[in-house]
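Structure record follows, encoded as C-alpha cells.
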Amino acid sequence: MSDKSKKGDVDITKTEVVEGKVNSFLDTYKYVLIAVGVAILVAVITLIIVDTVRSNNLEKAFDKIDQLESTYSQVMALDKTTDDYKTKYSDLKSQLESMSKGKTYPALKAQYLLATMAYDDKDYETAKTGFYAIYEASKQTYLGSLSLTNAAVAAEDSGDDATALEYYTKVWDEYQTTAAEAPKALFNQGRLEQKKGDVTLAKATFQQLIDQFHNSEYAKLAKNHRGDVVRIIPNQGKGRAA
C-alpha cells in the first residue's frame, strides 16, 4: 500500500473519531442543548414583544401629548376667573404630571408645558427651574435651545438678571446660528450687559447680532441701540418663546 493510501486511511479514521465524539456529545447533552435553544428563542421573542409594546406605548404617548398641547391652548383661551377654567386647568396639570417622568420626547414636552403653565401663573422660579431641567435633558434638540431661552426669560422676570444673562449668553455659546432663538438671546444679552454697565461689551454683542442675523427684527433693534446703548426700552425683545 502506498504512503498516500495510508495517509488517506488516517484522515478518514480521524474524521470518524471526530464525528463519533460530536455524535456522542450531542447524544449526551441533547436535552440541555434543546433547553438552551428554547431559552434563547423565548428570550428573542420576549425582546420582540417588549420592543413592540414600547413602540406602541411611545406612539400612544406622542398622540396623548399632542392632545394635551391642544387642550392647553383651549384652556388658556378660557376666562381665568371661571370655575370651568379652574377645573380644566387642574385636570390638564394632573395629566401632564403623569406623563412628565422620563426623557422621551412626550415626557419632555409634558415638562415643557408644565413649566409654561408655571410661567403663565407668574411662578417664575418654578418656570426657570423647569425650563432649565428640560434644556439639560435635551441639549441636542430644538427643545434644548428653546427651553434655555425661556429659562433666561423666567430668570429675568424673577429679578435674577445675573442668571438671565448667563443663560442668554449660553444660548449663543452652545448653539450659535443653529438656534432659532439666537437673535433674541443675543439682543437680550446685550440689553442686560448694558443694564449692568458693560457698555463696551453690550455694543460688541449688538454688533455681533447685526453681523450674524442682519435680516432679523432683533438686528434692526440692535442697530437702533448700537450707537446709543444707554437707551433701551426695558422689556423690549423679552418674552417667553413659543
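The values are calculated or read from the model by the stated rules, or taken from the named source; none is laboratory data. These numbers come from a predicted model, not from an experiment. Note: ideal-geometry Cβ built from the backbone for every residue, glycine included; neighbour counts use all protein chains shown. Keep in mind that these areas ignore ligands, DNA and RNA; they rest on the heavy atoms of the full protein, side chains included. Shrake-Rupley method; radii C 1.70, N 1.55, O 1.52, S 1.80 Å.
Look through Leu148, Leu143, Leu165 and report the one residue that is modelled with pLDDT under 95 and closer than 27 Å to Leu113 by Cβ.
Leu143 is the lone residue from the list that is modelled with pLDDT under 95 and closer than 27 Å to Leu113 by Cβ.
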Within region 124-142, how many residues turn out to be of a type in the set (A, V, I, L, M, F, W, C) and surrounded by 19 or more Cβ atoms within 10 Å (Cβ to Cβ)?
3
Looking only at region 175-197, count how many residues are open to solvent by less than 60 Å² (accessible area, probe 1.4 Å) and without any contact (Cβ under 8 Å) to a residue 40 or more places away in the chain.
12
If Glu217 satisfies every condition in (1) under 20 Å from Ser158 (Cα atoms); (2) at pLDDT 90 or above; (3) open to solvent by 60 Å² or more (accessible area, probe 1.4 Å) but one, which is the exception?
(1)
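Give the number of residues within region 175-187 that are part of a helix (DSSP H, G or I) and more than 19 Å from Ala133 (Cβ to Cβ).
Within region 175-187, residues that are part of a helix (DSSP H, G or I) and more than 19 Å from Ala133 (Cβ to Cβ) number 8.
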Grab the helices (runs of 4 or more DSSP H) fully contained in region 62-174, keeping just those with 2 or more residues being touching a residue at least 24 places away in the same chain (Cβ under 8 Å) and aromatic (Phe, Trp, Tyr).
105-120, 124-137
